[in-house]
Amino acid sequence: MSEVTKKPRVVIVGGGFGGCEAAKGLRAAPVDVLVLDKTNHYVFQPLLYQVATAALAPTEITYPIRTILRKQKNATVWLAEVTGVDVNAKTLSTSEGKTISYDYLILACGARHSYFGRDDWEPLAPGLKTLGDALEMRQRFLMAFEEAEKCDDPMLQQAWLTFVIVGGGPTGCELAGVLPEIAKRALSPDFRRVDLHKTRILLIENSPCILNAFPEDLAKRAQQDLTRLGVEVRNGVKVTDIRPDGVTLSSGEEIAARTVFWAAGNKAAPVGGSLGVPTDRAGRVIVERDLSIPGHPEVFVIGDMAQAALRDSSGEPIPEKLVPGVAQGAVQGGACAARNIIRRVNNHPTEPFKYHNLGDLAVLGRGAAIANLPGLKLKGYPAWCVWLFIHVLKLVGYRNRLNVLLEWFYAYLTYQRGARLISNRRR
């Protein structure tokens, strides 16, 4: 602190799950909180794929960060993009050239998609991490059918009707499961020259099984459900090339497809590399037990930016087991970082971060989902109902919850999608 009379300043970079939870955890603390984000809104990321597939409008899964923290008197929100951290000077630099000082820092900037050294694939195969990504994906998805409608060449038309999704994790499976229903039920009656029942959805997964974070029986059920819905699942192969006219698989197969979506890997936000501490191959900062960084106990890294070990009941790390990059990990990490800052302000020792898995869910389509909850496994319609309930409950804002419920009820009854907007034609 520059003056004894001032409260410690806690700067939180990122207004997502972890950042907002950390800010709220400091609401009664004797500190001043500054939240920085390059957008003005919080995004409920688990439903981004619903924006990408025209099921929901962007406003139904977003909420202003300022409104979330409106009643928190010690919190201020700035629209700013942080480009680097000087841990020795305790300052941040922004894209506008501004320097911001801190006493305590929480980095919760999230992650972007990783192309494993083939960044030239990104323009051809967009990923799904931000609202902008979802809108770009929606644009490409809807434009593919428009191009197919105009096409006179049967082979080119089929290429426009072929969608390849790379990555068999939750995001890839959610996208793959919903696309056949949209094409064959929602959109098909609106097109005259093209038969959308010929739409092909291919899900490519390098591992022997999709959803490998789930128990084997649930993962197998998920693959059966996707196959029933019309998805062609290719396990044990990887994409070796992506071109504007298709993809090549490691098996040698060539797939003619004009639309490819990427859901195969993540890399941490690059600002973590400016901390001067070790990171893993994905750019995640290797944090201490209390989520601080080595040598700088005033700096905490949480969520997708952190490589944090899962620990047993005695607090020892479990070999090769890491906190998963999911929303509950970020939320719990944000709460832990806030508690540890309060403990440091009060000159108390910090507590280790202990991740509690509240369950894993994956939705695959209408009435199809899997749920691995503590002491309970669910498949099919019961899991789908649990997924609906939890996701509506976790949305921020009563208006968003009501709107999403109404949209889903309408879509369930009619198969229609309410956000089929093509805003421009860049392709």
Problem - Some residue of the stretch 272-291 being in the same structural domain as residue 163 (by TED's automatic domain parsing), surrounded by fewer than 15 Cβ atoms within 10 Å (Cβ to Cβ) and not in a loop (DSSP other than H, G, I, E, B) - result: no
Problem - Answer from 388, 395 - the residue that is at pLDDT 90 or above and more than 16 Å from residue 221 (Cα to Cα) - result: 388
Exercise for the section: Identify all residues within the stretch 292-308 that are surrounded by fewer than 18 Cβ atoms within 10 Å (Cβ to Cβ) and small (Gly, Ala, Ser); write none if there are none. Expected result: 295
Practice task
Working only within the stretch 95-124, note down all residues that are touching a residue at least 40 places away in the same chain (Cβ under 8 Å) and part of a strand (DSSP E or B).
Solution key: 100, 101, 104, 105, 106, 107, 111, 112, 113
Fill in the blank from the handout: Scanning the stretch 206-227 for residues that are in contact (Cβ under 8 Å) with a residue 12 or more places away in the chain and either touching a Leu at 6+ places or on another chain (Cβ under 9 Å) or basic (Lys, Arg) (or both) gives 210, 211, 218, 219, 221, 222, 223, 225, 226
Problem - Of all residues in the stretch 95-114 being over 21 Å from residue 30 (Cα atoms) and in contact with an Asp or Glu (Cβ under 6 Å, 6 or more places away or on another chain), the one that is surrounded by the fewest Cβ atoms within 10 Å (Cβ to Cβ) - result: 95
Exercise for the section: Residues being farther than 25 Å from residue 170 by Cβ and outside any strand (DSSP E or B): count how many of those fall in the stretch 39-64. Expected result: 1
Fill in the blank from the handout: (1) in contact with a Cys (Cβ under 9 Å, 6 or more places away or on another chain); (2) assigned to a loop (DSSP other than H, G, I, E, B) all hold for residue 129 apart from (1)
Exercise for the section: Return a yes/no flag: does the stretch 52-62 have any residue that is at positive phi and among the small types (Gly, Ala, Ser). Expected result: yes
Exercise for the section: With the condition kept exactly as written, say whether any residue in the stretch 181-201 is in contact with a Pro (Cβ under 6 Å, 6 or more places away or on another chain) and not in a loop (DSSP other than H, G, I, E, B). Expected result: yes
Practice task
Could you check, for the stretch 328-346, whether at least one of its residues is surrounded by fewer than 17 Cβ atoms within 10 Å (Cβ to Cβ) and at pLDDT 90 or above?
Solution key: yes
Exercise for the section: Inspect the stretch 161-179 for any residue being surrounded by fewer than 21 Cβ atoms within 10 Å (Cβ to Cβ), in contact with a strand residue (DSSP E or B) (Cβ under 7 Å, 6 or more places away or on another chain) and either touching a residue at least 40 places away in the same chain (Cβ under 8 Å) or not in a helix (DSSP H, G or I) (or both) and give the result as yes or no. Expected result: no
Problem - Listing of helices (runs of 4 or more DSSP H) fully contained in the stretch 316-427 that carry 3 or more residues being without any contact (Cβ under 8 Å) to a residue 12 or more places away in the chain - result: 380-394, 398-414
Practice task
Among the numbered conditions (1) touching an Asp or Glu at 6+ places or on another chain (Cβ under 8 Å); (2) farther than 30 Å from residue 135 by Cα, tell me where residue 88 comes up short.
Solution key: (1)
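The values are calculated or read from the model by the stated rules, or taken from the named source; none is laboratory data. All of these numbers come straight from a predicted model, not from anything done at the bench. So basically every Cβ, Gly included, is an ideal-geometry build from the backbone, and we count neighbours across all protein chains shown.
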